[in-house]
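*Asks:* Got a structure for you, questions after.
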Amino acid sequence: MCPMSRWMFRPLSRKRNASRWLRHRPAVMLLMVLAACGTTSSPPPVVDPPPPAVTPPAAEPPPPQGPLAEPVPAPVTAGEQEVAVTVPGFESVARRVEVEASERMILPTELHPLPVSVTFLSTPPGARIRVDAELLVQTTPAIDVTLEPGYHTIELLPAEERYKPVMIERQWQPAGRHDVDVTFELKAAHVRFVSDRAWEQLELDAYPIRIVESQWFEMTAGRHHVVTKADRYAAVAVFDVEPGARHTEVLAWRLVSPDPARYALLPAAAKVMLGSPNYPDLNPPRTVEMEAYWIGRTEVTIGEYRACVEAGSCVPPVSGELCNWGVVGRDNHPVNCVSGVEAEVYARWLSSIDGLEYRLPTPEEWERAARGVIGSRFPWGDSYEPQRCNGCDSVCPWRWRSKEVSDGWPTSAPVASLRNCRGSTGIYDMVGNVSEWCREANGRRYGIRGGSWGQMGTFLDPAFVAERPPHDRQPTVGFRLVVHRPRGFRDDD
């Protein structure tokens, strides 16, 4: 009976760190202890030490578990043998050797790791690929790019300058197949704002930011909306900025709100009660939604209208009996004897002066201002109190005057001189003094509201409607203006 021969393989490196072993391409030794069957003339085999007599196991011994497994004996017979070494992740090595009887053989074998296969994808495609500072020929999508195992630094360089490059640093194991799929991000842009006025606040895309003039601010590329405010002025700008660009936005300021001492702001409201059951045809009760607007606290005066006449934009009002134009000492009285058309000419001229959008109020805007924030019948409440305002009282020149009250003014009174003729909004003379021109939002019809110094009773009801031709002129009719809220601003701007 021939004694059993043994074979084993193990790495030459005695390091126990597997990843380090993979990086350094270890050499593998195949240790073969050979015992050939001898004849009677042959000397007996020399074994040091002799193998113990054991019964071979019924099953094959388990294969080595990885490159650091313990050596396993390999029994062979003398003569020519084919030896194969296989390690996962490395190229298999096979060789033929001549084995003599009783020979103990060590076969140094170098294993070469199998390459890594990588597929590179990107959005957008066409990116260049750089591996360890060396630029590859392929661009994305690049299928099955071969890399050596080990640690690599990979850069994906987008085809368009507006995108950020992507860097990947990692260890690649032998024989692996990997997909690298990246989505490039746009480069950040940098913006600064230049202004000849110090702002109180600045909102970028509806979010307040803390930034000072000429300070560079990092932001995403694309279209942006900026709103700045300083006192009654604001700058609104919409601008586009390219990825990676540096953009300077020069803020152009303009007046966006009238003088609060002369105009009252009525905020936007979802439900405003208007109309009256007393006028079911012309002004029935209803609820409407209204945007924010300013309305003059007083009627336009003779002095204010004179500036337009002197500028050559307005024609002088009619003068004569009961008209205030040309009467000494009436600069602070409401301008009367002007038509609705002439009132609108004045509004357009005033808009050209300071850039605000002045116009006649609509009937709904006028009535809401007259009824106050609580929606009462009159500015001060639901009860008619003739002594508060300038109606046709005991000194009125007309025969239907009321003899019970007197405000001391036979015709018009100076604006805001009757301090009780107002509501909580601080808007004066919505009842009496002069009736006021309104124009429907669709522009079709003109009318007058509020009554005048020549009327009493129902005519002084803010809900009462009286239509008039737009070219009509009366000594009892004047006007006040509203300013519409500019687009892009909130009520608290």
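Read-outs throughout are calculated quantities, based only on the coordinates presented, and are distinct from any laboratory measurement. Here the structure is a predicted model, which means the values were calculated and not measured. Methodologically, a virtual Cβ is constructed for each residue, glycine included, from the backbone with ideal geometry; neighbour enumeration extends over all protein chains shown.
*Asks:* Taking a ≥ b ≥ c as the square roots of the Cα gyration tensor eigenvalues, with a/c under 1.5 meaning rounded and otherwise prolate when a/b beats b/c, else oblate, which class fits segment 354-399?
*Replies:* Numbers: a/c = 3.14, a/b = 1.50, b/c = 2.09.
It comes out oblate by the Cα gyration axes.
*Asks:* Another one. Taking the Cβ of residue 252 as the center, what net charge do the other residues with Cβ under 11 Å away carry, scoring Lys and Arg +1 and Asp and Glu -1? All intermediate terms of the calculation are to be shown ahead of the outcome.
*Replies:* Numbers: positive: 197, 254; negative: 196, 249.
With Lys, Arg at +1 and Asp, Glu at -1, the neighbours total 0.
*Asks:* From the backbone phi of segment 365-381, what are the Karplus-calculated ³J(HN,Hα) couplings (6.51 cos²θ - 1.76 cosθ + 1.60, θ = phi - 60°) in whole Hz, Gly and Pro given as x?
*Replies:* The phi angles translate into 5, 5, 5, 4, 5, 6, 8, x, 5, 8, x, 6, 5, 10, x, 9, x Hz.
*Asks:* Residue-wise, which Karplus ³J(HN,Hα) couplings in Hz belong to segment 463-472, taking 6.51 cos²θ - 1.76 cosθ + 1.60, θ = phi - 60°, and x for glycine or proline?
*Replies:* 7, 6, 10, 9, 7, 9, x, x, 9, 6
*Asks:* Sticking with this one: Among 187, 271, which comes first, second and so on when ranked by fewest other beta-carbon atoms within 10 Å? Walk me through the numbers before you get to the answer.
*Replies:* Numbers: 187 19, 271 9.
Lowest count first: 271, 187.
*Asks:* Report the net charge of residues surrounding residue 166, where surrounding means a beta-carbon distance below 9 angstrom and charges are Lys +1, Arg +1, Asp -1, Glu -1. Let's see the in-between values first.
*Replies:* Details: positive: 164; negative: 155, 185.
After counting each charged neighbour, the total is -1.
*Asks:* Any aspartates and glutamates with Cα under 17 Å of the residue 164 Cα? List them, leaving off those in the same chain fewer than 8 positions away.
*Replies:* 155, 181, 185, 218, 242
*Asks:* Whose amide H sits under 5 Å from the amide H of residue 362, counting only residues 5 or more places off or on another chain, with H placed in the peptide plane?
*Replies:* Amide H to amide H, under 5 Å and 5 or more residues apart or across chains, residue 362 pairs with 439.
*Asks:* Now, a different point. Taking square-rooted eigenvalues a ≥ b ≥ c of the alpha carbon gyration tensor, is segment 189-255 rounded, prolate or oblate, where a/c under 1.5 means rounded and, failing that, a/b exceeding b/c means prolate? Could the numbers behind the result be given before it?
*Replies:* Details: a/c = 1.88, a/b = 1.75, b/c = 1.07.
Because a/c hits 1.5 or more and a/b exceeds b/c, segment 189-255 counts as prolate.
*Asks:* Right, here's the next one. In nm, what is the difference between 0.36 nm times the number of residues separating residue 169 and residue 219 and their Cα-Cα distance?
*Replies:* Numbers: separation 50, 0.36 × 50 = 18.00 nm, distance 2.78 nm.
Roughly 15.2 nm would be gained on extension.
*Asks:* Quick one: net charge around residue 416, please, counting Lys, Arg +1 and Asp, Glu -1 for every other residue with C-beta under 11 Å from its C-beta.
*Replies:* Numbers: positive: 262, 297, 419, 422; negative: 299, 429.
Once all neighbours under 11 Å are counted, the net charge is +2.
*Asks:* Explain nothing, just compute: Karplus ³J(HN,Hα) = 6.51 cos²θ - 1.76 cosθ + 1.60, θ = phi - 60°, for every residue of segment 418-425 in order, whole Hz, x for Gly and Pro.
*Replies:* With coefficients 6.51, -1.76 and 1.60, one gets 8, 5, 8, 8, 7, x, 5, 7 Hz.
*Asks:* Given Cα pairs under 8 Å that are at least 6 residues apart, what percent is the relative contact order of segment 98-204? Mind dumping the intermediate values first?
*Replies:* Values: 180 pairs, mean separation 29.8, N = 107.
Reported as a whole number, the value is 28 percent.
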